[in-house]
1. What residues have an amide H closer than 5 Å to that of Y32, excluding those fewer than 5 places away on the same chain, when H is modeled at 1.01 Å from N in the peptide plane?
2. So for the stretch 139-189, considering every pair of alpha-carbon atoms, how many percent are separated by more than 16 Å?
3. Using a 1.4 Å probe, what is the accessible area per residue for the stretch 55-165, in Å²?
4. For the pair D98 and E38, how long in nm is the line joining their label points, each one 7 Å along Cα→Cβ?
5. Expressed in nm to one decimal, what extension gain is obtained for the pair Y61 and A85 from 0.36 nm per residue of sequence separation less their Cα-Cα distance?
6. Residue separation times 0.36 nm, minus the C-alpha to C-alpha distance between E30 and R195: what's the value?
7. Shape call for the stretch 47-203 from the C-alpha gyration tensor, a ≥ b ≥ c root eigenvalues: rounded (a/c under 1.5), prolate (a/b greater than b/c) or oblate?
8. First compute the accessible area of the stretch 57-96 with a 1.4 Å probe, then give the percent of it belonging to carbon and sulfur atoms.
Amino acid sequence: MTARRWLLPLLMALPLAALTGCASSTPAPERYTLPAVEVTAAGGAEAAHELRLAPPRLAHYLDVEGIVMQVDDITLVEANGHQWAEALSAQLQRGLRDRLAARLPDTRVVLERPGQAEGDSLRLALEIDRFQGRHDGLAVIGGRWRLEDADGTLLAMQGLAAEVALAADGYPALVRALGQGWDAVADELATAIRRTRPPGPPR
């Protein structure tokens, strides 16, 4: 598919109120959630490891309701008619928990909450500065992650990046491609966690 063919239907759905000058005539936005993954029973009380997953910190331009499109090399646009069904940070945190739990069956992956006691678990934190569609027909994800021990000592830190080609035109295909990119991020993180953490206690 050409970049122009992929981009046209997305640009047509960008803020209509700015063109019509009448917000009351703007149709209700379509809302999307990232693809879910099957939650397994792995990582229960008998797990050898525990991992606390902090809420991802999003770049300011991503911390919005509308899905973000990069329409050229420097221009980013938030869609009014196509929005996230809930805060993107919450979707990313919960989705990564389920993806890591599936990839690390010996690990109990828990969501970190404000004011929560630190305990003895490892802590994974992410900064996301790209999570958008791009004019060349790709869904792009980028940022950094860091893994800390229970005392806050840095164990590992690295950049992350994923690009997935859309299978079709439109926002549903973009959201599904972003979900596939988040799968790839989970693969990378699970490998890094296994390589970095100490072995679990003998059973």
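The values are calculated or read from the model by the stated rules, or taken from the named source; none is laboratory data. Nothing here was measured: the structure is a model prediction, and the numbers come from that model. We place every Cβ from the backbone using ideal geometry, glycine too, and count neighbours over all the protein chains shown. Accessible surface is based on the protein model in full, side chains and every heavy atom, while ligands, DNA and RNA are left aside. Shrake-Rupley method; radii C 1.70, N 1.55, O 1.52, S 1.80 Å.
1. When sequence neighbours closer than 5 places are left aside, the close amide H contacts are Q83, W84, A85.
2. Above the 16 Å cut-off, the stretch 139-189 has 49 percent of its Cα pairs.
3. Per residue, the stretch 55-165 has an accessible area of 46 Å².
4. 1.3
5. Gain on stretching Y61 to A85: 6.9 nm.
6. Residue separation times 0.36 nm, minus the Cα-Cα distance, leaves 55.3 nm.
7. Taking the square roots of the gyration eigenvalues as a ≥ b ≥ c, the stretch 47-203 is prolate.
8. That fraction is 48 percent.
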